[in-house]
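The numbers here are math on the coordinates, done by the rules we state, and not lab data. What you are looking at is a predicted structure, and each value in this text was computed from that prediction instead of being measured. Backbone-built Cβ (ideal geometry, glycine too); neighbour counts: all protein chains shown.
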Amino acid sequence: MKWGQGNMEGSKITYAVVKAGETWGDLATRYEVSIEELKKWNRGVSDVEAGDLVKVVQEPPHFAHRRRAHYVLGFYTGPMGATMPGSQGTLERQADKLSAIAPYYFDIDRNNPGRIKARVSPQLIKETIRDAHQRGVKVLASIHNTDKNPNISATEALHSILRAHRMPFFNNLFALLNEYGFDGINLDFEHLRPGDKRLFTDFVRDLAQRAHAKNYTITVNVLGDVAKTPYSLDFDYPGLAESVDHLGIMTYDQYRPTQAEPGPVAGLPWVLGTIQAALNEGVPPEKILLGIGVYGYDWTVGQSNPRALSHSAVEALRRRENATVQFHPTHKVPFFTYTDSKGRQHEVWYEDARSIALKLDLVRRHKLAGILLWRLGLEDPSAWGVIQAKLAPII
């Protein structure tokens with residue numbers, strides 16, 4: 001190695017030999033730099049092959065303390081079927097790389113406006129919080145509007161709280177936080193009634209003021225889609241960001257289970273476009289958590305409702321079908337195909353450490369606050385080394 005001069009003064013320049021099968025993304029992960037930075041210093045090189053010599057420019061070790069700290073929030077659940085394991089194992093193994101978890105434990109009660117309904121027992125809630133705190137991980141009470149009720153829709157139930165039952169909801173929420181010892185709030189309301197955008201922003205502003213007065217943090221999740229459909233138009237991104245600690249932009253699913261066309265959970269250009277749209281609307285980058293879906297879908301070609309899979313289930317399926325993984329040149333995510341015993345064609349699209357690394361490069365390049373993972377337990381285990389390399393220090 002040698003030390004650069006001029007505008008690279010103080011930077012370490014390494015000449016790396018490309019290993020068999022390595023890509024720009026692999027090199028970026030190995031040296032903790034972005035793909036764009038690598039290509040900048042290796043102009044004219046479109047693809048790398050084994051044995052190539054690649055120039056890598058890194059910050060020297062004594063600059064490490066100047067690296068931006070990042071926030072890593074992971075949704076936490078129990079098992080959701082054979083192909084969707086629970087989150088506890090990841091919490092146990094990766095607590096040092098987590099800022100907080102948001103257990104998927106609470107819904108608004110559609111039968112009792114303003115009340116909050118627990119999905120699990122009080123004992124499990126207490127155990128989860130105690131275990132996370134012992135590991136140095138904070139816990140946010142995550143409130144959803146996904147509970148099923150044939151008599152009232154999620155949209156109308158939320159509208160009722162915003163319009164007529166705000167104070168009962170606030171009182172019940174803060175009682176919940178105090179009873180169990182939560183560290184903050186995560187609101188995950190995905191369906192707004194047309195015309196409720198400003199009302200929801202005002203609701204969140206009111207809640208955030210009350211939360212901050214009691215030293216609770218607050219994160220609000222919004223659906224992200226560069227195409228602005230179907231629900232991202234519901235949300236006033238910059239208005240919400242003004243009052244909350246973090247705005248979690250959920251960049252998943254790009255190809256939705258309700259459609260019959262297979263495709264990625266979140267292709268890189270689509271994610272980039274969503275981030276850029278939020279920044280263009282005036283959302284401060286230091287407020288944004290990039291939502292990353294770490295699961296996959298097994299699509300039967302021509303049919304909707306693909307089977308959701310964890311990374312471990314994807315790998316088991318790939319081995320069983322002896323399938324060859326490809327990395328899509330545009331979407332920058334892995335996928336493979338196979339034919340089932342009935343002769344039906346399948347496409348399996350998912351995320352791995354390599355595709356997640358490219359999304360983390362966006363976090364660093366655009367100076368975002370960090371990431372939001374749906375959900376712990378579904379991810380490629382190798383992704384945690386990438387998260388550590390790209391986002392440390394994690395606060």
Count the net charge of all other residues whose Cβ sits under 9 Å from the Cβ of T23, scoring Lys and Arg as +1 and Asp and Glu as -1.
-2
Choose one of G184, T146, L358: the residue whose Cα lies farthest towards the positive end of the charge dipole of the chain (beta-carbon charges +1 Lys, Arg; -1 Asp, Glu; about the Cα centre).
G184
So for the pair K197, N178, with labels modelled 7 Å out along Cα→Cβ, what separation do we get in nm?
3.7
Rg ratio (alpha-carbon, reference 2.2 N^0.38 Å) - segment 201-333
1.26
Summed over the other residues with a beta carbon less than 13 angstrom from that of E347, with K and R at +1 and D and E at -1, the charge totals -1
Let's see if you can work this out: charge +1 on each Lys and Arg Cβ, -1 on each Asp and Glu Cβ, no other charges. What is the dipole magnitude of the chain about its Cα centre, in debye to the nearest 20?
440
Cross-link partners among lysines for K117, C-alpha distance below 25 Å, same-chain residues fewer than 8 apart left out?
K126, K138, K148, K197, K214
Segment 274-342 versus segment 184-222: alpha-carbon centroid distance in Å:
29
Ordered by fewest other Cβ atoms within 10 Å, a rough proxy for footprinting exposure, I394, I161 read I394, I161
Distance between modelled label sites at I13 and V45, nm, 7 Å Cα→Cβ extension
1.3
Nearest 10 degrees, 0 to 90: helix 166-180 Cα axis against the chain principal axis:
70
Separation between Cα centres of segment 103-118 and segment 146-175, rounded to whole Å
8
Within a Cβ distance under 11 Å of D380, other residues only, what is the Lys/Arg minus Asp/Glu net charge?
-3
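Work out the FRET efficiency for D147 and E127 from their Cβ-Cβ distance, taking R0 = 22 Å, and round it to the nearest 0.05.
On the way: r = 22 Å, r/R0 = 1.02.
The pair D147/E127 has a calculated efficiency of 0.45.
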Cα coordinate range in segment 68-391, projected on the principal axes (Å, largest first)
56, 42, 40
What is the angle, in °, between the Cα long axis of helix 353-365 and the longest principal axis of the Cα atoms in the chain? Nearest 10 is fine, range 0 to 90.
80
Spelling it out for L192: with amide H atoms placed in the peptide plane at 1.01 Å from N, the residues 5 or more places away or on another chain with amide H under 5 Å from its amide H are none
Evaluate the relative contact order of the chain (contact order divided by residue number), counting alpha-carbon pairs under 8 angstrom at least 6 apart; express in whole percent.
17
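Report, in deg cm²/dmol and to the nearest 500, the calculated mean residue ellipticity at 222 nm for the chain, where each DSSP H run with n ≥ 4 adds -39500 (n - 2.57) and the sum is divided by the residue count. Write down the numbers at each step before the final one.
Working: 12 runs with 130 residues, N = 395.
Helix contribution divided over all residues of the chain: -10000 deg cm²/dmol.
Based on the Cβ-Cβ distance of R67 and Q259, what FRET efficiency does E = 1/(1 + (r/R0)^6) give at R0 = 25 Å, to the nearest 0.05?
On the way: r = 40 Å, r/R0 = 1.61.
Efficiency, rounded to the nearest 0.05: 0.05.
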Would you calculate the separation in nanometres between label points at T339 and S304, each defined as 7 Å from the Cα along the Cα-to-beta-carbon direction?
2.8
Helix 122-134 axis, angle to the chain major axis (alpha carbon atoms, nearest 10°)
40
Most positive-pole-ward Cα, L240, T77, V222, against dipole of the chain from beta carbon charges:
L240
